[in-house]
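Student: What follows is a structure written as structure tokens; I'll ask about it next.
The values are calculated or read from the model by the stated rules, or taken from the named source; none is laboratory data. Predicted, not measured: the structure shown is a model, and the values here were computed from it. Positions of Cβ are backbone-derived with ideal geometry, glycine not excepted, and every protein chain shown enters the neighbour counts. Keep in mind that these areas ignore ligands, DNA and RNA; they rest on the heavy atoms of the full protein, side chains included. Shrake-Rupley method; radii C 1.70, N 1.55, O 1.52, S 1.80 Å.
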Amino acid sequence: MKLLTNTLVAVLIICGGTAFAQDDLSSYNKKVMDGFPPTAESQVTFGNYRNYPFSEWAFRNAGAPLNVVMIPRAGEIYTLKENYDSRIGKIELKDANGENKTVDKILEECHTDGFLVLKGNELMYERYFNGLTKDYQHIWFSATKSLTSTAFGILVDQGKANLNDSPAKYIPELKGSGFERVTIQNVLDHSTSIDFKENYTDPNSDFLKYYGPAMNMAQIPGGRDAKPESTEIYGVYDFISKFIRPDTNEIAGEVFDYNSANSDLLGWLISRISGMSYDQFIQQNIWAKLGTDHDAYIAVDRAYMGIATGGFNSTLRDAAHFGSMILNRGNFNGQQIVSAAWVDATINLTAKDKAKMNNNTRYAGSQWIAYKNMWWVLDEQKGEYAAVGIHGQVIYINRKAGIVIAFFSSQPVASAAGNSVFWSKILACQKIASEIK
């Protein structure tokens, strides 16, 4: 599928499920940000930051094309022990195309920006590419959703939210919207049956008219020039409350349909219930407790509210800290950040959870067996699941093996569905998990 012209070129999905597929530009050889100032043809812009190869620079410098707010680190740094095992890179497996490759070869060929393997507090393997280092933050895209659901779990643990409630109980502005008839659990599972469908190629689509410009992560003509006093749908929360209606042909809770609006609603719930902004809640209740090496930051919408569906940025090691907390059932370095019960709920699957994934033809032939609490599940018996974002951002958890594998990428094709570049790296994760003792 051809890329759109500059006015629409960045209007692509920011979630981890489906995406407008770009041409495979893996052989495209062009310098990015070349010179001081950069040449016009090498300049990263708000319009091209998600297009390869500009993305290789932009994804580790997302604060340049996007508006962001900081999420400062706090407390004592939890130092990871470097105990590298050179054998990991030499592990052999069949990639997603059935070809024999080593782990190193897959990473080199599949637009990897960074990849690390963590067991306990030991870094067993760590490689960086395309200018990324252990000290650069990188955008998570929709892996952010899993962080958002973890944050919401803290409110559930505190008794401040009930998963069987309608979101409208906490946000009265949702009364009459497509989100009034659903439960919060439906929101967590992308099972809300709303009438908004994410269309990124039609210039007359609702996404391009309303959600894209409100989100402030896609270039829309005039989008950044809007004024709050004269724009009815200014930020994402306006879009959620004023635009979305129910799909009357479906019953909420019966269908899995991945939709970014669900995650932004969860971010709004976090703010409304806690009384603090999404970024402040993440900072105080999660980030400040993970012993991270660096500050994080998050992209914000036009109203400067954090994009809970896909705006988080951190270093790879710090992403692994978050994954380690999830691996250890909500505990990090002796502190219970979110309850074990909340973490376990992700892989306590029902037959209905699995059926909803199986009935979605978009994921036919995929290894995913369910989507629960904004995590993608591979094998509930092994405790194998992942936070996933477009262009290849993953925090992979494997309880049975006791490992976390985190990787960042700048894959030219956004979607994970049917993407051999993405799935080759997942296969590498699974092979490493089976080999590490």
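Student: For region 174-263, with all protein chains present and a 1.4 Å probe, just round the carbon and sulfur fraction of the accessible area to a whole percent.
Tutor: Answer for region 174-263 is 45 percent, counting heavy atoms of protein chains only.
Student: From the phi of every residue in region 107-123, what ³J(HN,Hα) in whole Hz does the Karplus formula 6.51 cos²θ - 1.76 cosθ + 1.60 yield, where θ is phi - 60° and glycine or proline is x?
Tutor: After applying 6.51 cos²θ - 1.76 cosθ + 1.60, I find 5, 5, 8, 10, 6, 6, 9, x, 8, 9, 10, 10, 10, x, 10, 9, 7 Hz.
Student: Given all pairs of different Cα atoms, what value in angstroms does the Kirkwood hydrodynamic radius of region 135-270 take? Kindly include the intermediate steps, with their values, before the conclusion.
Tutor: Working: mean 1/r = 0.0634 Å⁻¹.
This gives a value of 15.8 Å.
Student: Provide the per residue accessible area, probe 1.4 Å, for region 283-407, rounded to a whole number of square angstrom. Each step should come with its number before you reach the end.
Tutor: Working: 3750 Å² over 125 residues.
Computed with neighbouring chains in place, this is 30 Å² per residue.
Student: Return the long-range amide H neighbours of K372 (sequence gap of 5 or more, or a different chain), with a cut-off of under 5 Å between placed amide H atoms.
Tutor: Here the answer is V377, since their amide H atoms fall under 5 Å of that of K372.
Student: Before anything else, pin down the relative contact order of the chain: Cα pairs under 8 Å, at least 6 apart, normalised by residue count, whole percent. Can you show the working numbers first?
Tutor: Values: 942 pairs, mean separation 109.0, N = 437.
25 percent.
Student: In terms of the ratio Rg/(2.2 N^0.38 Å) built on C-alpha atoms, what value belongs to the chain? Walk me through the intermediate numbers first.
Tutor: Details: Rg = 20.3 Å, N = 437, 2.2 N^0.38 = 22.2 Å.
Compared with the compact-globule rule of thumb, the chain sits at 0.92.
Student: Karplus couplings for region 371-379 from phi (6.51 cos²θ - 1.76 cosθ + 1.60, θ = phi - 60°), rounded to Hz, Gly and Pro as x?
Tutor: Once θ is set to phi - 60°, the couplings for region 371-379 become 10, 9, 6, 6, 10, 9, 9, 9, 7 Hz.
Student: Here is a follow-up. Could you provide, to the nearest whole Å², the per residue accessible area of region 110-245 with probe 1.4 Å? Intermediate values should be presented prior to the final figure.
Tutor: On the way: 4900 Å² over 136 residues.
Ligands and nucleic acids excluded, the figure is 36 Å² per residue.
Student: Another question about this same structure. Based on alpha-carbon positions alone, could you give the equivalent ellipsoid semi-axes of region 319-437 from the gyration tensor, as √(5λ), descending, whole Å? Provide the component values of the computation, followed by the final result.
Tutor: Numbers: eigenvalues 101, 67, 34 Å².
So the equivalent ellipsoid measures 22, 18, 13 Å along its semi-axes.
Student: In region 389-437, what is the volume of the convex hull around the alpha carbon atoms, normalised per residue and reported in Å³? Provide the component values of the computation, followed by the final result.
Tutor: Values: hull volume 3.3 nm³, N = 49.
Dividing the Cα hull volume of region 389-437 by its residue count gives 67 Å³.
Student: I've got another one for you. Given the peptides 332-343, 269-280, arrange them by the average over their residues of other C-beta atoms within 10 Å, most packed first. Write down the numbers at each step before the final one.
Tutor: On the way: 332-343: 16.6, 269-280: 19.4.
Going from most to least packed, we get 269-280, 332-343.
Student: Please list the helices of the chain that count as membrane-span-like by this rule: a mean Kyte-Doolittle hydropathy of at least -0.5 together with Cα atoms stretching 18 Å or more along the helix axis, each helix being a complete DSSP H run. Intermediate values should be presented prior to the final figure.
Tutor: Details: long enough: 144-157 (20 Å, 0.67); 260-274 (22 Å, 0.41); 420-435 (22 Å, 0.49).
Both cut-offs are met by 144-157, 260-274, 420-435.
Student: Hey, what do the phi angles of region 216-231 turn into as Karplus ³J(HN,Hα) couplings, whole Hz, using 6.51/-1.76/1.60 and θ = phi - 60°, x for Gly and Pro?
Tutor: 6, 10, 9, 7, 10, x, x, x, 7, 8, 5, 10, x, 6, 10, 10
Student: 222 nm [θ] for the chain, helices only, -39500 (n - 2.57) per DSSP H run of 4+, per residue, to 500?
Tutor: Numbers: 12 runs with 107 residues, N = 437.
Result for the chain: -7000 deg cm²/dmol, rounded to the nearest 500.
Student: A further question on this structure: Out of residues 5 or more away from D247 or on other chains, whose amide H comes under 5 Å of its own, with H placed 1.01 Å from N in the peptide plane?
Tutor: It is I194, D195, by chain and number.
Student: Hey, another quick one. Give me the distance between the Cα centres of region 281-310 and region 205-264, rounded to whole Å.
Tutor: Rounded to whole Å, the Cα centres lie 21 Å apart.
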